[in-house]
Amino acid sequence: NDVFESPDFYQIDDLLTEEHKLIRSSIRSFVKKEISPIIEDYAQRAAFPQHLVKKFGEIGAFGPTIPAEYGGGGLDYIAYGLIMQEIERGDSGMRSTASVQGSLVMYPIYAFGSEEQRKKYLPKLASGEWLGCFGLTEPDFGSNPAGMLTTIKDAGDYYLLNGSKMWISNSPMADVAVVWAKNEDGRIRGVIVERGMEGFSTPEIHNKWSLRASCTGELVFDNVKIPKANLLPNIDGLKGPLKCLDSARYGIAWGALGAAMDCYDSARRYAMERIQFDKPIASFQLIQKKLAEMLTEITKAQLVCWRLGMLKNEGKATTTQISLAKRNNVEMALHIAREARQIHGGMGITGEYSIMRHMMNLESVITYEGTHDIHLLILGNEITGIPAFK
Ligand code: FAD
């Protein structure tokens with residue numbers, strides 16, 4: 001990682017502003033100094049590097065697009081994408097922490113919250129003083145969140161929250177949870193749950209082979225009394241969580257690119273140095289085929305990300321456009337990780353290189369925030385007008 005060279009075959013850098021390049025270079029230095037040297041050890045121990053949360057806040061990785069008056073970076077979506085790309089070049093689990101905080105916790109509080117909620121939560125989440133999580137998925141409702149069983153009932157002075165959420169990134173460490181639940185009318189509403197509320201617990205999920213340096217858990221609500229001021233007032237229905245996912249999935253499309261770039265760069269360098277049959281393995285056509293296809297796919301994905309970012313800046317990016325990018329880029333990254341793993345031979349399965357960790361991480365990334373196949377069906381629906389997932 002010390003000598004990482006970012007592929008830029010189509011001079012995409014020319015499409016970036018000086019500010020974009022500066023932000024990318026500062027996050028790249030941060031990843032090189034703070035993440036790359038320690039992450040393999042944390043992943044091997046399945047431990048979450050909690051000390052990085054405050055540091056993420058300091059470098060502006062949390063809520064880069066949230067206006068500065070609430071502690072955010074006030075940046076555009078290309079800058080946000082580049083930040084996700086660089087963090088995921090280090091580790092998908094670390095990018096997940098940043099995605100969840102920015103897109104799934106800060107974004108809904110900013111977009112759907114009251115002014116009091118924005119002022120109370122956003123600056124502390126931006127600085128990393130508080131860590132947040134996002135509770136949508138339930139044990140029996142993953143791809144079909146509309147079926148959720150968690151309920152929120154009006155009990156006069158407060159709401160009563162009951163149910164449970166599963167597979168929640170950051171949950172065991174989180175101070176704040178944005179949780180989606182059904183009210184008496186069966187409408188999905190969002191509430192802000194705080195650690196310490198009676199009846200609220202966050203058991204950790206163990207034995208993951210993927211995103212090992214990211215902390216994943218459940219959210220359990222047993223008659224939790226939620227103050228009325230903690231309901232997100234300005235959103236009603238499934239579109240609330242889906243809008244959050246649009247924002248996070250956009251970041252994932254860029255993040256996966258970062259993981260792919262790291263695998264490609266590592267494979268290219270290894271192929272040039274590794275000698276077999278008295279030659280660098282890079283001189284064999286089959287290795288060159290792998291490298292050429294990696295660069296081709298990375299270049300295509302870079303262009304998709306850049307164009308999607310410009311559309312997002314103009315407020316024009318659609319859910320299906322984001323589905324295409326998330327689906328394409330994560331599969332591309334996973335494929336590149338697998339090919340890079342082969343180029344590294346036996347060394348590829350060790351923690352000496354980041355490849356196997358990226359590969360295992362990407363198995364979660366291809367499943368969360370809408371599985372690979374669900375995004376395909378979203379595209380199928382767009383093309384035909386026929387929803388095949390129902
Ligand atoms: P299922 O929905 O049961 O799907 C199983 C398989 O069936 C998949 O291949 C799927 O594509 C397929 N399938 C389902 N329905 C259809 C259909 N109609 N047609 C064709 N195929 C179908 N959730 C949160 O709310 N917050 C988080 O922070 C969060 N973090 C996560 C972190 C990790 C590490 C992981 C693994 C998951 C996380 N998730 C989180 C949950 C994630 O979003 C879900 O795992 C995902 O939506 C899939 O749901 P599921 O696992 O229940 O799979």
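Could you identify the single residue in Gln302, Gln321 that is touching a helix residue (DSSP H, G or I) at 6+ places or on another chain (Cβ under 7 Å), within 29 Å of Ile78 (Cβ to Cβ), surrounded by 15 or more Cβ atoms within 10 Å (Cβ to Cβ) and free of Cβ contacts under 8 Å to residues at least 40 places away in the same chain?
Every option except Gln321 fails the conditions.
Anything in region 13-67 that is in a helix (DSSP H, G or I), of a type in the set (A, V, I, L, M, F, W, C) and in contact (Cβ under 8 Å) with a residue 12 or more places away in the chain? List them, or say none.
Leu15, Ile23, Ile27, Phe30, Val31, Ile35, Ile39, Ala43, Leu52, Val53, Phe56, Ile59
Can you confirm whether Ile235 is assigned to a strand (DSSP E or B) and away from the ligand (no atom under 14 Å from the Cβ)?
Considered against the rule, which asks whether it is assigned to a strand (DSSP E or B) and away from the ligand (no atom under 14 Å from the Cβ), Ile235 comes out as no.
Of the residues Val193, Val224, only one is surrounded by 14 or more Cβ atoms within 10 Å (Cβ to Cβ), assigned to a strand (DSSP E or B) and more than 14 Å from the ligand (Cβ to nearest atom); which?
Val224
So His358 fits all but one of (1) within 16 Å of the ligand (Cβ to nearest atom); (2) not in a helix (DSSP H, G or I); what number is the exception?
Among (1) within 16 Å of the ligand (Cβ to nearest atom); (2) not in a helix (DSSP H, G or I), His358 violates only (2).
With out of contact with any Lys or Arg (no Cβ under 8 Å at 6 or more places or on another chain), within 13 Å of the ligand (Cβ to nearest atom) and under 23 Å from Ala47 (Cβ atoms) as the only criterion, which of Ser164, Ser169, Ser201 stands out?
Ser169
Within region 361-388, track down each residue that is of a type in the set (Ser, Thr, Tyr), part of a helix (DSSP H, G or I) and buried (at least 16 other Cβ atoms within 10 Å of the Cβ).
Ser364
Which pairs do you get when a residue that is among the basic types (Lys, Arg), found in region 239-255, comes within reach of a residue that is in a helix (DSSP H, G or I) and more than 11 Å from the ligand (Cβ to nearest atom), reach meaning Cβ atoms under 6 angstrom, with the pair 6+ apart or on two chains?
Close Cβ pairs (under 6 Å, with a partner that is in a helix (DSSP H, G or I) and more than 11 Å from the ligand (Cβ to nearest atom)) amount to Arg249/Ile322; Arg249/Lys326.
Report whether or not Ala126 is buried (at least 20 other Cβ atoms within 10 Å of the Cβ), at pLDDT 95 or above, away from the ligand (no atom under 16 Å from the Cβ) and assigned to a helix (DSSP H, G or I).
yes
The values are calculated or read from the model by the stated rules, or taken from the named source; none is laboratory data. All figures in this text were calculated on a predicted structure; none of them were measured in a lab. Backbone-built Cβ (ideal geometry, glycine too); neighbour counts: all protein chains shown.
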